[in-house]
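Heads up: the structure comes next, in structure tokens.
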Amino acid sequence: RLIEAGEKAAAEFMESCRNSVRPVLFEEVCGTLVAGYSDNYIKVYAEGGEDDLNRIRNVKLSENYKDGMKGEIE
């Protein structure tokens, strides 16, 4: 039950961040996406490439995706 409660709380937190713009430090390339963490520790995936790695970009969070959220680099 504790795991379920944690997963529910994480999903609710990510939902509350939908459509917000957050700074994200991109750290890895995942196919055609780059991935990194926002300032509030959400894993974020966005269309991007090598030029985005090790840079902080503002990203509009749009939807739940894998273990985090998908967004669009502004």
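The Cβ shell under 13 Å around Arg57 holds other residues with a net charge of -4, Lys and Arg each +1, Asp and Glu each -1. Taking a straight line from the alpha carbon of Lys43, these lysines sit under 16 Å away, with near neighbours fewer than eight places off in the same chain left out: Lys60, Lys66, Lys70. One decimal place: the segment Asn19-Lys66 gains 15.2 nm when fully extended, by the rule 0.36 nm per residue minus the C-alpha distance. Sequence-ordered 3J(HN,Hα) estimates for region 15-24 from the Karplus curve with 6.51, -1.76 and 1.60 and θ = phi - 60° stand at 4, 5, 8, 4, 6, 8, 9, 10, x, 10 Hz, glycine and proline given as x. Counting only protein heavy atoms and using a 1.4 Å probe, the accessible area of Glu27 comes to about 100 Å².
Please give the length that would be gained between Ala5 and Asp39 if that part of the chain were fully extended, namely 0.36 nm times their separation in residues minus their C-alpha to C-alpha distance (nm, one decimal).
Working: separation 34, 0.36 × 34 = 12.24 nm, distance 2.33 nm.
Extra length from Ala5 to Asp39 when fully extended: 9.9 nm.
Less than 5 angstrom separates the built amide H of Ser20 from those of Leu61, all sequence-distant by 5 or more or on a different chain.
The values are calculated or read from the model by the stated rules, or taken from the named source; none is laboratory data. Treat the numbers as computed from the prediction; the structure is a model and nothing was measured. Here the Cβ is made from the backbone with ideal geometry for all residues, glycine too, and neighbour counts use every protein chain on show. In case anyone asks, the SASA skips ligands and DNA or RNA and just uses the protein heavy atoms, side chains included. Shrake-Rupley method; radii C 1.70, N 1.55, O 1.52, S 1.80 Å.
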